[in-house]
Amino acid sequence: MANKKIINATPVESDGIEFKSKFEEKVYNILKDNGLQPEYESQSFILWEGFKPTVPFYTKSRKGELKLNQNKLKDITYTPDFIFTFLDQTIYVEVKGYANDVFPYKFKMFRKILEDMPGNHEVWEIFTKRQLLECISNLKKSLGMSQNQNTEQTQH
């Protein structure tokens, strides 16, 4: 099931991609303009695996009477807004305007998955264009540092 409409967001299409908000489109374009290759909502993570319950569960039906419900409980998933690779790191970007009541819990669970996942990961939670540009600047500084380290190593 697709996520509900984002509060105060206007969906927009650009580059053949249907963004849920104009700010997501702006973030995408800024990342591209800075030589990065962002993928929009390209990977979902299962935070909690659903199951088919065996313990009887009775709940109210539409008519108000009790009814046995043994429907499968669906997976709880999280999909980062953008993912891209920079040097040997996978960068996950979450673009935030208004967070719903479930997001903080899902985001914590996602961060725990990354802690246990092999590889180098970095997560950005972006609320403004200035924050995005700051993160990109930090990436470029780290590129400069890694190039300097490589130069120093080859000189010795």
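Which numbered condition in (1) assigned to a helix (DSSP H, G or I); (2) not hydrophobic (A, V, I, L, M, F, W, C); (3) not assigned by TED's automatic domain parsing to the domain that holds Glu25 is the only one that Glu134 fails?
(3)
Check the range 50-72 and report whether any residue there is without any contact (Cβ under 8 Å) to a residue 60 or more places away in the chain, more than 25 Å from Leu143 (Cα to Cα), touching a Ser or Thr at 6+ places or on another chain (Cβ under 7 Å) and assigned by TED's automatic domain parsing to the domain that holds Leu143.
no
So in the range 75-108, with the set limited to residues that are under 14 Å from Trp48 (Cα atoms) and not aromatic (Phe, Trp, Tyr), which one is surrounded by the most Cβ atoms within 10 Å (Cβ to Cβ)?
The residue in question is Lys106.
Name every residue in the range 27-39 that is touching a Phe, Trp or Tyr at 6+ places or on another chain (Cβ under 9 Å) and assigned to a helix (DSSP H, G or I), in order of residue number. Let's see the steps before the verdict.
As a first pass, look at the range 27-39 and keep what is touching a Phe, Trp or Tyr at 6+ places or on another chain (Cβ under 9 Å): 27-28, 31, 36-39.
The answer is Val27, Tyr28, Leu31.
Here is a check on your reading of the model: is Gly97 within 16 Å of the chain's Cα centre (by Cα), under 25 Å from His121 (Cβ atoms) and either in a loop (DSSP other than H, G, I, E, B) or outside the structural domain of Leu132 (by TED's automatic domain parsing) (or both)?
Values: within 16 Å of the chain's Cα centre (by Cα): yes; under 25 Å from His121 (Cβ atoms): yes; either in a loop (DSSP other than H, G, I, E, B) or outside the structural domain of Leu132 (by TED's automatic domain parsing) (or both): yes.
So Gly97 fits the description; yes.
Taking the condition more than 20 Å from Phe107 (Cβ to Cβ) and modelled with pLDDT of 95 or more, does Phe51 pass?
Working: more than 20 Å from Phe107 (Cβ to Cβ): yes; modelled with pLDDT of 95 or more: yes.
So Phe51 passes the test.
Can you pull out every residue in the range 113-140 that is surrounded by 11 or more Cβ atoms within 10 Å (Cβ to Cβ), under 21 Å from Leu47 (Cβ atoms) and of a type in the set (D, E, K, R)?
Listed by number, the residues that qualify are Glu122, Glu125.
Of (1) without any contact (Cβ under 8 Å) to a residue 24 or more places away in the chain; (2) within 27 Å of Cys135 (Cβ to Cβ); (3) surrounded by fewer than 15 Cβ atoms within 10 Å (Cβ to Cβ); (4) more than 15 Å from the chain's Cα centre (by Cα), Val12 satisfies all except one. Which?
(3)
The values are calculated or read from the model by the stated rules, or taken from the named source; none is laboratory data. Because the structure is a prediction, the values reported are computed rather than measured. Backbone-built Cβ (ideal geometry, glycine too); neighbour counts: all protein chains shown.
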